[in-house]
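**Student:** Sending over a structure as structure tokens; questions will come in a sec.
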Amino acid sequence: MMNVTSMGDLARGLTLKSRATDIKNQIESLSYEMSSGKVQDVSGHLDGDYSYLLDMDRNLSRLDAFQVATAEAGLFTDAMQLSLTTIDDAVGRLTSSLLAYGTSNQAVTHEHASVQARNELDTVMSALNTRAGGRNLFSGVDTDVSPLSSADTLLTALEAELTGLTTLTDITQAAEDWFNDPAGFDAVIYQGADTTLAPMSISENESVSIPITATDPTLKAALRDIAVAALVSVDGLGLPNDLRTSLFTQLGSELANTQDGTVNLRADVGAAEARIEQAATRNAAARTSLEYSRKSLIAADPYQTAVQLQTVQFQLESLYSVTVRNANLSLVNFLR
């Protein structure tokens, strides 16, 4: 006797429903791969070996961090370059004026020279107090503190040092001594840190250092000569016209030499800017290469995926046809 195994209507319906669910899941997975270009089952595609993929992800994360670092370093150096350019321009303008004013003994000309010097002092000190990205540029590690106090404070302190002096040598020496004295400019006017900024990392094995603060000798020399020029014509010092002329002439010559120093500072910052830009370009190229490799590692074959999608869609359509026919079965139809 032959045993006949049959499937009840309920079991058949559950089987068809389960199969339909499986096919729908396959269609969803293949549709994702078609739209995204990468496999959905990464573990199966890599046979469970994630080591290479994880290594690439770590490298991409590091490059993301360096992208932020180079952007911040670029912002910092660009702002510093702009500040130094402003200072250089101010020094250049005053140098020309002082050398020209020094040829005249007219009191009104001296007054104008001191007024211009005071204006340029404000410009230079404002440039040194510039902030970029929430950080002060010339305060060393104390980037949350403005490096210099006000121009009025500087002029008041310096005037006290120069009062009573009556010769060009004494005045220029006293100004130089006060600016170089740790208890002078550095203690009264400079509010930043003695420690310069730490080098900024811009790639895996490269960093840039910008050890410039408002106490840089070149910047202090510019502030000193401009401040003295601003004080030459004040009534408190009571300097005669011939001494004022001599002071303006000498200060103009010294500022011309100082301008060479500001140009060198700008060149140093410019070199740092170039290195940052080069590092950013290399990092971007490395990131592009890694992203391409990562994409290739988990990429889905578009032709194969399209064929599989068409196949399972046909299977689903066939299953629906079977399901409809199964649903139309009845005793009457069966007996016919």
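The values are calculated or read from the model by the stated rules, or taken from the named source; none is laboratory data. It should be emphasised that the depicted structure is a prediction, and the values quoted were computed from it without experimental measurement. Every residue, glycine as well, gets a Cβ built from its backbone with ideal geometry; the counts of neighbours run over all protein chains shown. Please note that ligands, DNA and RNA were not included when accessible areas were found on the heavy atoms of the full protein model with its side chains. Shrake-Rupley method; radii C 1.70, N 1.55, O 1.52, S 1.80 Å.
**Student:** Roughly how many Å² of T196 are accessible to a 1.4 Å probe, to the nearest 10?
**Tutor:** 50 Å²
**Student:** Let me ask you something else. Please work out the FRET efficiency for the pair S289 and N264, using the Cβ-Cβ distance as r and a Förster radius of 41 Å; give the result to the nearest 0.05.
**Tutor:** Given R0 = 41 Å and the Cβ-Cβ separation, E is 0.60.
**Student:** Listed highest first by mean packing, meaning other Cβ atoms within 10 Å per residue, what order do 286-293, 85-92, 227-234, 239-246 come in?
**Tutor:** Sorting 286-293, 85-92, 227-234, 239-246 by mean packing, highest first, produces 227-234, 85-92, 239-246, 286-293.
**Student:** Using alpha-carbon positions, what is the distance between the centroids of the range 140-160 and the range 187-254, in Å?
**Tutor:** 11 Å
**Student:** Something else: Which residues among the range 177-207 fall inside the zone where the amide N is under 17 Å from a point 7 Å beyond the Cα of S61, along Cα→Cβ?
**Tutor:** Label zone hits: 204.
**Student:** Quick one: pull the percent of accessible area on the range 64-138 belonging to carbon and sulfur, 1.4 Å probe, ligands and nucleic acids left out.
**Tutor:** Here it works out to 55 percent.
**Student:** To continue, here is another question. Between T163 and D177, what is the label-point separation in nm under the 7 Å Cα-to-beta-carbon projection?
**Tutor:** 1.7 nm
**Student:** Between beta-carbons, use under 12 Å as the cut-off and find the net charge around L247, counting Lys and Arg +1, Asp and Glu -1.
**Tutor:** Overall, the nearby charge balance is -3.
**Student:** Determine how large the accessible area of L75 is when every protein chain is in place; take a 1.4 Å probe and give Å² rounded to the nearest 10.
**Tutor:** Looks like 90 Å² after rounding.
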